[in-house]
Every structure is written in structure tokens, then in C-alpha cells.
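The values are calculated or read from the model by the stated rules, or taken from the named source; none is laboratory data. Treat the numbers as computed from the prediction; the structure is a model and nothing was measured. Here the Cβ positions follow ideal geometry from the backbone for every residue, glycine too, while neighbour counts run over all protein chains shown.
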Amino acid sequence: MLIQNRMSTFNWIRSFLILLLIGLFLPIGSASAQDETPGSLEKQQAVVGAGTVKSNSSEGATIGPMASTNLIQDPSFEASFGSSAYWSQASTNFGTPICPSTADPPTGCGDGAAPGNPPTAGPHSGSAWAWFGGTPDPETGAVQQNSVAFPSSCNLTLQFYLWIGFAQSGSGTDDYFAVGIDGTIVFQTNATQRSSYSSYKLVSIDVKAFADGNPHTISLYSSTSGQVVTFNVDDVSLIRSNCTCGAIVQGASAMNSLHDPFNDQLVLAQPAANTVGPFSAANGSDTTGVFRPSNGALYLKNSNTAGFADIAINYGLSGDCPITGDWDGNGTDTIGIYRDGVFYLRNSNSLGFADIAFAFGAAGDQPIAGDWNGDGTDTIGVYRNGRFLLRNSNSAGAASATFVLGNSGDVGIAGDWNNDGIDSTGVFRPSNGALYLKNSNSTGFADVQINYGLPGDRPVTGDWNNDGVDTIGIYRAGKFYLRNSNTIGIADLVFALGINGDLPIAGNWDGLP
């Protein structure tokens, strides 16, 4: 790397941070290392070319599901010590904040441990991480990734792991770590908040305000004023979640301060009612389940009652959309997920690879499934900005039916509303809990229009009482409220399953009538 003297680099870095805050470009820079005392509570200077740096092909292997949808290159810095291919880097004292290992120089930066004391620095995964601070000299450091493709999406999250390993007495708010996008600060912490980050903690930042389909610059930077403070950062991720299943409600919650706590126990448009519906344990043809979008876990129940799941499996990744149906016509509904315009369907509710995988629709579409032609097999479709696109086979190809229903922001639903043996569509309006159901898959006015639920609820549909008619339900904060008719009224079944943030699903999981 380019070597400059300490004073010129310090002035350059200080100027850089001023420019960074107004969104200008960060050039590559470095400075000569200061003399360090081996074994002291300080970062030590690694030598470029010493030791072994993992290739970029293996990076992120221990991060888990996030890695598959990560828009950041080299998120755990494994290929970036001595290379600016992914991250631009600068540091007043060390040339770069990136450390290749915890081994002693020349292969690494050390672990910040004073003799007889625990480490204060190290990676979260792999052998490299970004260590900001770590010296009693004034230190300013930064890493930056330029031209990161931010997709157009209603859900975009910037994530990283942060550990404040040490904060010397006398350090304060002027010893800080911050994250910026195009010069706008989106996260900042300082030495006084060490107790909140006493070990590696996942930080998640909502950055959907920048999700405009354009490239943006992500900067991680820090300044310490002369006390030893150790900010460790690793495993940076920019994650897009599916809008219509991961967060179908924008800025609304069913359980917030605007709602009366008593009325939040009601489901419908009867505010004078004093109780929810009977806690029925009737076993209908369809029962419920939940999908946990944070880790791809599914929990399926064979009865519409509270209790432990009958089936608990992992299928999918963080940010996937769940989809269920009878894909092979054997009478049992099974799982599937939708990811970036591709369906992955299983013919059994068990661990394993997809039995059917094909592309249909586009990233950001909401998946939907039903028996659109009455042949006994469920097939897929998507809902996009008020328009349904349905397929009569589980394969790639053109839509078999395309029509308009609802508005942008609505959530598509499907069911056999009139017991004619064919599933048709409907929409749920999350802003006010309104449902619009059609008895044919065609453009036109809804055949049934009702209100059921509160803003922020999530819709679910199924044949709960085995009468051949699919009816409505909602999921709110880990609890199902199901109706046995598509009419206004109190819930017929109320029970808990899952946790707040889970997504509701339904189907006949055991194939029993």
C-alpha cells in the first residue's frame, strides 16, 4: 500500500471525514504505523503479504442465511487486507482499519489483551475484521464500499456485527463509530455505550429510504481522541426482504398506542362487542402454521388450537416469502418459498431440496397459490401492484390468467369462496382491514366486501370447519383469529401460535378430512 508520513495523512483523513459528511468520494489512503509496545492494550500493525488471507470465495460461510441475499461484496473483509478491490481504506496510524488475524505481528494486529486480561478485539467470523481505534494516539479510520447497488424495494436493511471491546477511562462521546450512506449518518455510537456492545451484537438499520434502484456509497468510520477505545466491526450485510410478505404494512402496527388495549382483543367492525369468539377446537380440513422470516423456520399445527407445533422444520432463508399448496394433487398441502422471482416447492413437509424449482414473476412480487382450473392440483401465481398473474402449472412460462383487483399496497389472497371447486382471488387492505373477494379470476368488482381485522393485521384463509368453503382469518402478534363464514362478526376460533413477526400460513398438512 502507499506509505505517507503521519502528519500529512492525519490532515488528509480529517479533510476526508468533512467531505464524507457531504457525500463525496473517499479515495484510497494510508499512513505509516506508529511504534507499538507488544502485549499492550493496543492494536498492532500487520504487514501486508504476511500470513494467509482467505480467498473471497469462502467468505461469509459462517454468517448463515443472510449471505445468500447479501448485496455487499466481501462482507467479512477476508479479501480486503492489502487490497482495495472491495473496500477503500484509510487510517491515521495503521494505513487501514482492517486486521487479517488476531495473531501477533507480522501476520496480524493482535487481540488487544493486556497481560492477564481477556481479548478486546477479534473477528466475528473468519479471520479478518475492521478494528477502529485501538491506540492512545488520536486515530481516525474509515472503510468504504462504493457504487453498491441498492434495489428498488420497500424493505432494505443494513446489518453488521459490532463489539466495543474496550473503552479507557476518560473516553466519551467524542470517541465514536458511525455508518454513513452517501454522507448521511444512519448509525452512530460512542465509547459511553460500551455496555450495549460488550460482545458482538447484530445491528440492523432500516435503509429503505435509499432503496431507489441507484448505486450508493456505504462508509464505516471512527474517530478516537487520544484514549484507547476499541470498535470491532464484522460481517456487513445489505439485505432486501420481500415487501409483501416480510412487511406488508408500512408504518402501521396492530398493537400501538393509538389503539385501546381492550378493543385490540376484537377483530372486527363491532366495537360494542365485549368478547372474542368461542375458543373452538374443531378440526377443519385446513389448519394453520407460521413461517419465521428471520431464519426460515416453519411451525405447522394439525389442529386449530394453541399448543406446540406438530411439525417444525427449516426451509428457506431469511427474507424468503412462504407459499403452501397441494403441488402434486395427493390431498396434502406442503411447503414452498418464493425468492427473488423463483419458486422452490416441496412435495413433503420435511427437510430437503426443492422438488420443483422455476422462475415466475419478478423480485418484489407477492406469491400466491390455488387450484385455478379445478384439476385438484394447486399452482402458483403472483400479485403485483393490484394485478394478479396466475399459472395453471408449476413451471416457468407465461401467465395463464392476468387481471386487476385491488390497489397497490393490498395483499393478495386466494380461496374457494363459493364451494365451486375452483380457487379465486381476493385482496386484504392492511391500512384498514378491508377484504375484497371475487368468485371468478377476472377483472371486476368484488363479490364480497367486508371489514375484518385492524390496521397491521396479516390475512390468512382456509376451510377451517371442513364445509368446502374457504373463509377468512387474520394473524396478529402471534395469535390467529379465524372466521367460519365470509361475513362481519366475532372470530370463531382464537388461539396462539408463533411469535410477533412470524408470517401466517395455512393448509391441510396431514391430508386428513
Which members of the range 309-324 meet the condition of being assigned to a loop (DSSP other than H, G, I, E, B) and on the phi < 0 side of the Ramachandran plot?
Ala309, Asp310, Tyr315, Leu317, Ser318, Asp320
Those residues that are surrounded by fewer than 23 Cβ atoms within 10 Å (Cβ to Cβ) and among the small types (Gly, Ala, Ser), I need them from the range 371-405; list them, please.
Gly374, Gly376, Gly386, Ser393, Ser395, Ala396, Gly397, Ala398, Ala399, Ser400, Ala401
Which numbered condition in (1) touching a residue at least 60 places away in the same chain (Cβ under 8 Å); (2) part of a loop (DSSP other than H, G, I, E, B); (3) within 23 Å of the chain's Cα centre (by Cα) is the only one that Gln144 fails?
(2)
So, in the range 96-112, of the ones that are modelled with pLDDT under 90 and out of contact with any Pro (no Cβ under 9 Å at 6 or more places or on another chain), which residue ends up nearest to Val47 (Cα to Cα)?
Pro106
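Okay, residues lined up against (1) modelled with pLDDT under 95; (2) closer than 30 Å to Ala491 by Cβ; (3) out of contact with any Leu (no Cβ under 6 Å at 6 or more places or on another chain); (4) not β-branched (Val, Ile, Thr):
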| position | (1), (2), (3), (4) |
| --- | --- |
| Thr324 | no, yes, yes, no |
| Asp328 | no, no, yes, yes |
| Thr332 | no, yes, yes, no |
| Arg339 | yes, no, yes, yes |
| Arg346 | no, no, yes, yes |
| Gly352 | yes, no, yes, yes |
Give the residues of the range 113-141 that are part of a loop (DSSP other than H, G, I, E, B) and closer than 11 Å to Phe231 by Cβ, sorted by residue number.
Thr120, Ala121, Gly134
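A quick yes/no check of all residues on (1) over 23 Å from Ser80 (Cα atoms); (2) crowded, with 22+ Cβ neighbours inside 10 Å; (3) of a type in the set (Lys, Arg); (4) touching a helix residue (DSSP H, G or I) at 6+ places or on another chain (Cβ under 8 Å):
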position	(1), (2), (3), (4)
Gly133	no, yes, no, no
Pro138	yes, no, no, yes
Val143	no, yes, no, no
Gly170	yes, no, no, no
Ile185	yes, no, no, no
Arg194	yes, no, yes, no
Ser199	yes, no, no, no
Phe210	yes, no, no, no
Could you check the range 388-445 and list, in sequence order, the residues that are assigned to a loop (DSSP other than H, G, I, E, B), in contact with an Asp or Glu (Cβ under 8 Å, 6 or more places away or on another chain) and among the hydrophobic types (A, V, I, L, M, F, W, C)?
Trp417, Ile422
Considering residues of the range 448-494 that are among the acidic types (Asp, Glu) and farther than 17 Å from Ile422 by Cα only, the residue farthest from the chain's Cα centre (by Cα):
Asp492
Flag if Gly82 is crowded, with 23+ Cβ neighbours inside 10 Å, more than 26 Å from the chain's Cα centre (by Cα), at positive phi and of a type outside the set (Ser, Thr, Tyr):
no
Would you call Phe495 surrounded by 23 or more Cβ atoms within 10 Å (Cβ to Cβ), among the hydrophobic types (A, V, I, L, M, F, W, C) and outside any loop (DSSP other than H, G, I, E, B)?
no
